[in-house]
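*Asks:* Shown below is the structure under consideration.
The values are calculated or read from the model by the stated rules, or taken from the named source; none is laboratory data. Just so it is clear, the structure is predicted and the values come from calculations on it, not from any experiment. Cβ: placed from backbone, ideal geometry, glycine included. Neighbour counts: every protein chain shown.
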Amino acid sequence: RNPRNFRPMPDADAHAEGFNPLCGDRLTLYVKLDGETIRDVAFQGSGCAISVASASLLTESVKGRTVPEAERLFASMHELLTRDDSTVDVASLGKLGALSGVREFPARVKCASLCWHTLDAALHREAAPVSTE
Ligand code: ZN
C-alpha cells in the first residue's frame, strides 16, 4: 500500500527493467553499489499489489548487503516461491517469508519473483529487459 524505496535513482550504478506479461507488472530496479556492497536500491513502475509489495520487501532486504548475499537471497526466494519441497528456513528470511503463501497461487508466483529476476539482471549488468515468459 505504501511501498518503500519507490522512487527514481538518477545516479544509479546499475538498473534493469522487468516485465511480467501474464499480469502486466512492469518495473525498473535501480542499484547503487559501493564496491561489492549494495548501498541503495529503489524501484519504479506499475503492477499488481503482490508485485509492488514484493519489490518493496526486496529493497528493504538487500540494502546494505553484499552482491553475493543478495544473490543467495534471490536463490532462497526462488526456491521458496517455486518449490513445494522447499527447505528454505522461512523465519530466516524475515519479512520476505510473508511471500511464501504465494506458492499456493501459481499465477501469482511470477508477480512475486519478477523483482528478484530484475535485481539479478541489474547486478549482472544485463541490458535486455527481463521477461518472466
Ligand atoms: Zn502481478
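*Asks:* Is one or more of the residues making up region 82-94 among the small types (Gly, Ala, Ser), buried (at least 22 other Cβ atoms within 10 Å of the Cβ) and in a helix (DSSP H, G or I)?
*Replies:* Taking every residue of region 82-94 in turn, none turns out to be among the small types (Gly, Ala, Ser), buried (at least 22 other Cβ atoms within 10 Å of the Cβ) and in a helix (DSSP H, G or I).
*Asks:* Take the residues in region 55-100 that are polar (S, T, N, Q) and within 16 Å of the ligand (Cβ to nearest atom); name whichever of them is nearest to the chain's Cα centre (by Cα).
*Replies:* Residue satisfying both the conditions and the ranking: SER56.
*Asks:* Output the number of the condition that PRO106 fails; it satisfies all remaining conditions of (1) under 22 Å from ASP13 (Cβ atoms); (2) without any contact (Cβ under 8 Å) to a residue 24 or more places away in the chain.
*Replies:* The single condition PRO106 does not satisfy is (1).
*Asks:* I would also like to ask the following. Looking at (1) of a type outside the set (Ser, Thr, Tyr); (2) modelled with pLDDT of 95 or more; (3) within 16 Å of the ligand (Cβ to nearest atom), which is the only condition ARG103 fails?
*Replies:* ARG103 satisfies all of (1) of a type outside the set (Ser, Thr, Tyr); (2) modelled with pLDDT of 95 or more; (3) within 16 Å of the ligand (Cβ to nearest atom) except (2).
*Asks:* Any idea how many residues of region 29-60 are crowded, with 17+ Cβ neighbours inside 10 Å and either in contact (Cβ under 8 Å) with a residue 40 or more places away in the chain or within 19 Å of HIS78 (Cα to Cα) (or both)?
*Replies:* Matching residues across region 29-60 total 16.
*Asks:* Follow-up. If LEU114 satisfies every condition in (1) of a type outside the set (Lys, Arg); (2) farther than 25 Å from HIS15 by Cβ; (3) buried (at least 17 other Cβ atoms within 10 Å of the Cβ) but one, which is the exception?
*Replies:* (2)
*Asks:* I'd like the residue in region 1-28 that is among the acidic types (Asp, Glu) and without any contact (Cβ under 8 Å) to a residue 24 or more places away in the chain and, out of all such residues, is surrounded by the most Cβ atoms within 10 Å (Cβ to Cβ).
*Replies:* Across region 1-28, the extreme among qualifying residues is ASP13.
*Asks:* Tell me, which residue of region 95-133 that is among the acidic types (Asp, Glu) and not in a loop (DSSP other than H, G, I, E, B) is farthest from GLN44 (Cα to Cα)?
*Replies:* GLU104
*Asks:* Okay, moving on. Checking the conditions here, which among VAL41, VAL52 is within 22 Å of PRO106 (Cβ to Cβ) and either within 11 Å of the ligand (Cβ to nearest atom) or under 11 Å from the mean Cα position of the chain (by Cα) (or both)?
*Replies:* Result: VAL52 is the single residue among VAL41, VAL52 that is within 22 Å of PRO106 (Cβ to Cβ) and either within 11 Å of the ligand (Cβ to nearest atom) or under 11 Å from the mean Cα position of the chain (by Cα) (or both).
*Asks:* If you don't mind, another one. Quick one: ASP25 ticks every box in (1) modelled with pLDDT of 95 or more; (2) more than 16 Å from the ligand (Cβ to nearest atom) except a single one, so which number is it?
*Replies:* Condition not satisfied by ASP25: (2).
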